[in-house]
Amino acid sequence: MTPKILIIDDDAVLRAIAMAKLAEEGFVVIEAEDSATGIQLVLDESPDLVLLDVVLPDTDGYQICQYLRSLPSAQHLPIIMLTGLDDTASIVQAYDHGATDFFSKPINWKLLSYRIRYILRASRTVEQLAHSETALANAQRLAHLGSWEWWPATNTTHRSDEYYRIYGMHRDSLASSMFAVLPQVHAEDQERVKTVLEAAMTKGQAYQHEFRILAPQTGLRVVHEQARIFRAEDGKVSYIEGITQDITELVDAQQRIRNLAYYDNLTGLANRQLFRELLLHELQRAQRQDKQCALLFIDLDRFKRINDTLGHDVGDMVLQIIGNRINTCIRSGDIAALHQSSSGKNEQVARLGGDEFTVVLTDIGQPEDAAQAARRILDSIALPIQIGTQEVIVSASIGIALGPRDGYDVESLLKNADLAMYSVKDKGRNNFHFFDHTMNETVLNKFALENDLRKAIEQNQLELYFQPKINPMTGVIVGAEVLLRWKHPHRGMISPVVFIPVAEESGFIIELGVWVLNRACEINRDWQNRGMPSVPLAINLSAANFRHPDLLPGIRKTLADLQLHPDFLVIELTEGVLMNDVEESIATLQALKDMGIYLSVDDFGTGYSSLNYLKRFPLDELKIDRSFVKDIITDTNDAAITAAIIGLAQNLKLSVVAEGVETTEQADFLLRRGCNTMQGFLFAKPMPQKEFEDLLLAGMDMGDMQAIFMVEC
């Protein structure tokens, strides 16, 4: 683009010559005979350079130059003063008023054109440098990344603006020395940081490390700092440059991810995954060092009655209190070394799920050490629990297995501790037993339950319950989750928590899963044949069913035989099932998707799925686990996680369903964040088929449901 030159001079002859000469040199020239016209042309035409005469009729050029410099658009505009004066005072005055250069009259036009080209090139370089510096500053601010240079010989430092922002300080409040930041460093990290800086300055040791700082405005922060060394020809350190990055959000996110992956959301104890890793580590160490460890398997006695009579909220509070009591027993004991995470959590105590807890004791000298721990735990659990006006008394059964004596691997040791625990329950509960190899009664019990379960299908002891999925804005039932119930002829109603694990262990879960899926489809077909309203029914598939080779052909046959449209079938899978074999999961999901079946991830947020894999799964829906929904009004972490899951679903173009909605406050919170499908006791409890059919036929709105389902279903 041709450079545009503005000449401001009251001499018409000089302006005419300038226009001709500079045009010959390839410039576009515009002119002004006075200061007012010149200023207006600067604003309107945005020239690349100004030739400004010092002597003008209305004012002097120095004042015009100074005024132009006050304009935002002309702060960096090159200005060459034209003067017939060549004394030093005039030159100094020109520069003092903001001139870029000066040129003496009479004018050598060839020389002036070269001077103009040089100044324009320099101006472009300065402009590009300014843009680069601005871009770098913006990038550093976005990345929370500060840069610095340190000259050890003089112990002086240059720091970027973002560096000061990270420390929450102003330039004039921080001394030049690199050691000046030490008072801002967390007391526990100060000595280490000082040692690293001294080694860099005196020995030329490059470094990278993380430490905590206490910023005046933002409080405790975590920073990552790294530096590289430059040496002089004599080998001495001449210069050090480095970066300091605020990684607090990253550290917090990593801790949250670790908590989700390794800790139980309800109690804060280690979860099953972390428990298994710790137990495997301790078993391997015990075998290497010829030592002994112990596994305590703790199951609360008749805990289901608490949930059934007092409600799940009370049950959850009891679990939290019991978990804390067990944790305190181990922390206060001297029977074993404590395993603690970086967050200070005791990882020896875990909640496996439901009302099951485990304790791993390391380096025990004799079995009596484990017995002492069990007694202490039983005594602590037995203390009355006061929840509001309700006093709750809980007991527990504890099975103890010693490793490696009772098992060389996690599965066998856990199984044997479980057998020992069931032995306690068979003999009256509220006690502990060590595993011994004569314990067959528990195994026989399981076999009996398994045999009864196999007969349950033939003898019509199984039935499906339905929990509606509601659009709370309209009160419309948009679907239902299918839940399996077993009405045993002698034992009464048996919870899925009891018989599903037996089915999984025996492999009968596959036949059970097929029965549930087929029966749900048959019921839906029957509704349509009778002209009833029909909604999609969601089936929870076990891992075994999902991996079974007959899954896809079986579903195709069922839908074809019943002439049931796939829109009326929803398959729900947990994160754990999907992540077991990602590539196989993707292939199976895609095959189901190609059939037209709606796919949902159940209990989302309680597993360990990778977001990278999640976006590859051809899913339709995420279901927020009730453990997050339960405390969204009072727990900011649960609220944040729930909102994040809803946002994630929306970004991935997935529907989202909230489970366990029990209060209008929870429903309002979820609605405000964009969750438009819910299920839970606020709307309806799981109900038998006939009651659900009546509900469909009645076409009740949400208000009706709330009134009716206050009654136990």
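Every read-out reported here was derived from the displayed coordinates using simple, explicitly stated rules and does not represent laboratory data. Given the structure is predicted, the values throughout are model-derived calculations rather than measurements. No Cβ is skipped: glycine too gets one built from the backbone with ideal geometry, and neighbour counts run over all protein chains shown.
Report, as a whole number in µm² per second, the diffusion coefficient that Stokes-Einstein gives for region 4-139 at 4 °C and 1.567 mPa s using the Kirkwood radius over alpha carbon pairs.
The Stokes-Einstein estimate is 85 µm²/s.
To the nearest 20 Debye, how big is the dipole of the chain about its Cα centre, given +1 on the beta carbon of each Lys and Arg and -1 on that of each Asp and Glu?
Once rounded to the nearest 20, the dipole reads 1500 debye.
Which one of 109, 195, 546 is farthest out on the positive end of the charge dipole of the chain, using unit charges on Cβ (Lys, Arg +1; Asp, Glu -1) and the Cα centre as origin?
Toward the positive end, the furthest listed residue is 546.
Distances over 28 Å make up what percent of all Cα-Cα pairs in region 412-568?
Cα-Cα pairs in region 412-568 separated by more than 28 Å: 36 percent.
Rounded to whole Å, give me the distance from the Cα center of region 202-270 to that of region 606-675.
Each part reduced to its Cα centre gives a spacing of 32 Å.
When the convex hull of the C-alpha atoms of region 254-439 is computed, what volume per residue in Å³ does it have?
116
Please work out how much length the chain gains when fully extended from residue 30 to residue 75, using 0.36 nm per residue of separation minus the C-alpha to C-alpha distance, in nm with one decimal. Before the final figure, lay out the partial values.
Numbers: separation 45, 0.36 × 45 = 16.20 nm, distance 2.00 nm.
Separation in residues times 0.36 nm, less the Cα-Cα distance, equals 14.2 nm.
At what distance in nm do the modelled label points of residue 90 and residue 595 sit from each other, each positioned 7 Å from its Cα along Cα→Cβ?
About 9.5 nm separates the two model spin labels.
Taking only C-alpha pairs under 8 Å that are 6+ residues apart, what is the relative contact order of the chain in percent?
Numbers: 1178 pairs, mean separation 46.0, N = 713.
So the answer I get is 6 percent.
Which whole-number percentage describes the relative contact order of region 4-139, with Cα contacts under 8 Å and a sequence gap of 6 or more?
After rounding, I find 21 percent.
Using a 7 Å offset from the Cα along the Cα-to-Cβ direction at both residue 436 and residue 285, what is the distance between the two label points in nm, to one decimal?
Label at residue 436, label at residue 285, 3.1 nm between them.
I want the local charge near residue 680. Using Cβ-Cβ distances under 13 Å, sum +1 for each Lys or Arg and -1 for each Asp or Glu among the other residues. All intermediate terms of the calculation are to be shown ahead of the outcome.
On the way: positive: 469, 623, 626, 630, 685; negative: 313, 481, 625, 659, 662, 665.
Summing Lys and Arg as +1 and Asp and Glu as -1 gives -1.
Under 1.5 on a/c is rounded, so check that first for region 168-210, then, if it is not, pick prolate when a/b is larger than b/c and oblate when it is not; a ≥ b ≥ c are the square roots of the alpha carbon gyration tensor eigenvalues.
Details: a/c = 2.35, a/b = 1.44, b/c = 1.63.
Taking the square roots of the gyration eigenvalues as a ≥ b ≥ c, region 168-210 is oblate.
Taking 0.36 nm per residue of separation and subtracting the Cα-Cα distance, what length does fully extending residue 697 through residue 515 add? Mind dumping the intermediate values first?
Values: separation 182, 0.36 × 182 = 65.52 nm, distance 2.58 nm.
Result: 62.9 nm gained on full extension.
Per DSSP H run of at least 4 residues, take -39500 (n - 2.57); add these up for the chain, divide by its residues and hand me the 222 nm value, nearest 500 deg cm²/dmol. Working shown, then result.
Details: 26 runs with 333 residues, N = 713.
Estimated from H runs of four or more residues: -14500 deg cm²/dmol.
Which FRET efficiency value, to the nearest 0.05, do you get for residue 459 and residue 172 by plugging their Cβ-Cβ distance into 1/(1 + (r/R0)^6) with R0 = 56 Å?
0.05
Past the 22 Å Cα-Cα mark, which pairs from 304/427; 415/455; 615/653; 623/690?
Too far apart for the 22 Å limit: 415/455; 623/690.
If R₀ is 56 angstrom, what is the calculated FRET efficiency for the pair residue 474 and residue 427, using the beta carbon separation as r and rounding to 0.05? Don't jump to the answer; show the numbers that get you there.
On the way: r = 55 Å, r/R0 = 0.98.
The computed FRET efficiency comes out at 0.55.
For the chain, take the convex hull of the Cα atoms, compute a quarter of its surface area, and give me that in nm², please.
About 48.6 nm², averaged over all directions.
Counting other beta carbons within 10 Å of each Cβ, put 509, 64, 457 in order, fewest first.
With the sparsest Cβ surroundings first, the list reads 457, 509, 64.
Once you list every other residue whose beta carbon is under 13 Å from the beta carbon of residue 196, what net charge do they have if Lys and Arg are +1 and Asp and Glu are -1?
-2
Counting other Cβ atoms within 10 Å, which trypsin sites (Lys or Arg not before Pro) in region 627-691 have at most 13 and lie in a DSSP loop?
When the trypsin sites (Lys or Arg not before Pro) of region 627-691 are filtered for loop state and at most 13 Cβ neighbours within 10 Å, 653 remain.
Please give the FRET efficiency for residue 386 paired with residue 261, using the beta carbon to beta carbon distance and R0 = 30 Å, rounded to the nearest 0.05.
Details: r = 34 Å, r/R0 = 1.13.
Plugging the Cβ-Cβ distance into 1/(1 + (r/R0)^6) gives 0.35.
When the Karplus curve 6.51 cos²θ - 1.76 cosθ + 1.60 is applied with θ = phi - 60°, which whole-Hz ³J(HN,Hα) does each residue of region 507-522 get, with x for Gly and Pro?
Values, residue by residue: x, 5, 4, 5, 4, 5, x, 4, 4, 4, 4, 5, 5, 4, 5, 4 Hz.
Calculate the spin-label point distance for residue 154 paired with residue 121, positioning each point 7 Å from the Cα along the beta-carbon direction, and give it in nanometres.
The answer from the label model is 3.1 nm.
Taking amide H positions as placed in the peptide plane 1.01 Å from N, state which residues far from residue 403 in sequence (5 or more) or on other chains have amide H under 5 Å from it.
Amide H neighbours of residue 403, under 5 Å, 5+ apart: 293, 294, 295.
Provide the gained length on full extension for the span residue 208 to residue 493, in nm with one decimal, where the gain is 0.36 nm per separating residue minus the Cα-Cα distance. Intermediate values should be presented prior to the final figure.
Values: separation 285, 0.36 × 285 = 102.60 nm, distance 6.17 nm.
Result: 96.4 nm gained on full extension.
Can you compute the radius of gyration and Dmax for region 176-278, using only the Cα atoms, both in Å?
18.6, 62
Would you mind getting the Kirkwood hydrodynamic radius of region 568-641 from its Cα pairs, rounded to one decimal in Å?
Values: mean 1/r = 0.0762 Å⁻¹.
When all Cα pairs of region 568-641 are included, the Kirkwood radius is 13.1 Å.
Please work out the Kirkwood hydrodynamic radius for region 525-661, using every pair of different C-alpha atoms, and report it in angstroms with one decimal place. Mind showing how you got there, number by number?
Values: mean 1/r = 0.0625 Å⁻¹.
The Cα-based Kirkwood calculation yields 16.0 Å.
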